[in-house]
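Visitor: Next up is a structure, given as structure tokens.
Please treat every number below as a calculation from the coordinates, not as lab data. In this text the structure is predicted, and so the values were computed from the model without any measurement. Neighbour counts are summed over all protein chains in view; Cβ atoms, including those assigned to glycine, are modelled from backbone coordinates with ideal geometry.
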Amino acid sequence: MSPLTPGSATRAAIGGPHDPNRVGHEWLGTLQEVPLFAGLSKRHLQRIAKLARLRRFVSGSAIVRAGEAGTSFFVLLDGTARVVPAGGRARRLGPGDSFGEMALLDGAPRSADVVADGEVLTLTIGRSSFGKLLRREPALTQELLRTLAGRLRAAERSRAD
Ligand code: CMP
């Protein structure tokens, strides 16, 4: 997808004087551009912002490691990352993409490494907040299911190749 507009929001987060990990309302414009949050009202986005935190990762760091227990869900706000499934083909993620939902949904270990390609900024939502969000926001849950269906189809196609 096309890059989100980081602009002043990213600068504010990086240079923020108080809690640099809080998702303040300067982020609402950026959150509106995330496909997963499409169709959510400003009030709902504010609720998500309250539940979430910002996290930064340096180039090459593992944001998620295959085999570990899942504690958070991530939305990539800035930068790119690589999903590296054990034995599978690596896939590139960009701004607006999300990851880390699988281990939270089924309680099984992380299915892949997700590695920062360059500096990465994520929105991070903890396990219990993620569960609450799915129960409260059917539009978000539907979008997440759409992404999972697309991934399943892609996996079936690459198995057939
Ligand atoms: P989880 O298993 O919690 O942690 C690794 C994450 O990588 C996984 O959730 C998905 O969000 C993501 N992931 C795993 N396999 C793929 C894939 N084939 N395509 C895109 N993302 C994937």
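Visitor: With Rg and the Kirkwood Rh both taken from Cα atoms, where does Rg over Rh land for region 63-122?
Guide: Expressed as Rg/Rh, it is 0.94.
Visitor: Using 7 Å Cα-to-Cβ label points, what is the residue 156/residue 127 separation (nm, one decimal)?
Guide: If labels sit at residue 156 and residue 127, their model points lie 3.1 nm apart.
Visitor: To continue, here is another question. Between residue 105 and residue 80, 0.36 nm times their residue separation minus their Cα-Cα distance comes to what?
Guide: Residue separation times 0.36 nm, minus the Cα-Cα distance, leaves 6.6 nm.
Visitor: What number, in percent, do you get for the relative contact order of region 21-93 if the mean sequence gap of Cα pairs under 8 Å and at least 6 apart is divided by its residue count?
Guide: This gives 25 percent for region 21-93.
Visitor: Can you work out the FRET efficiency for the pair residue 28 and residue 89, with r the C-beta to C-beta distance and R0 = 45 Å, to the nearest 0.05? Mind dumping the intermediate values first?
Guide: Values: r = 35 Å, r/R0 = 0.79.
It comes out at approximately 0.80.
Visitor: Using helices alone, what [θ] at 222 nm do you get for the chain, with -39,500 (n - 2.57) per DSSP H run of 4 or more residues, divided over all residues and rounded to the nearest 500?
Guide: Using -39500 (n - 2.57) per qualifying helix, the result is -11500 deg cm²/dmol.
Visitor: In nm, what is the difference between 0.36 nm times the number of residues separating residue 38 and residue 71 and their Cα-Cα distance?
Guide: 9.4 nm
Visitor: Hey, what D do you get for the chain in µm²/s if you plug the Kirkwood alpha-carbon radius into Stokes-Einstein at 25 °C and 0.890 mPa s? Don't skip to the end; give the middle numbers.
Guide: Details: Rh = 16.2 Å.
Diffusion coefficient, whole number: 152 µm²/s.
Visitor: Grab the Cα-Cα distance for residue 147 and residue 59, subtract it from 0.36 nm times how many residues apart they are, and report the gain in nm with one decimal.
Guide: 29.1 nm
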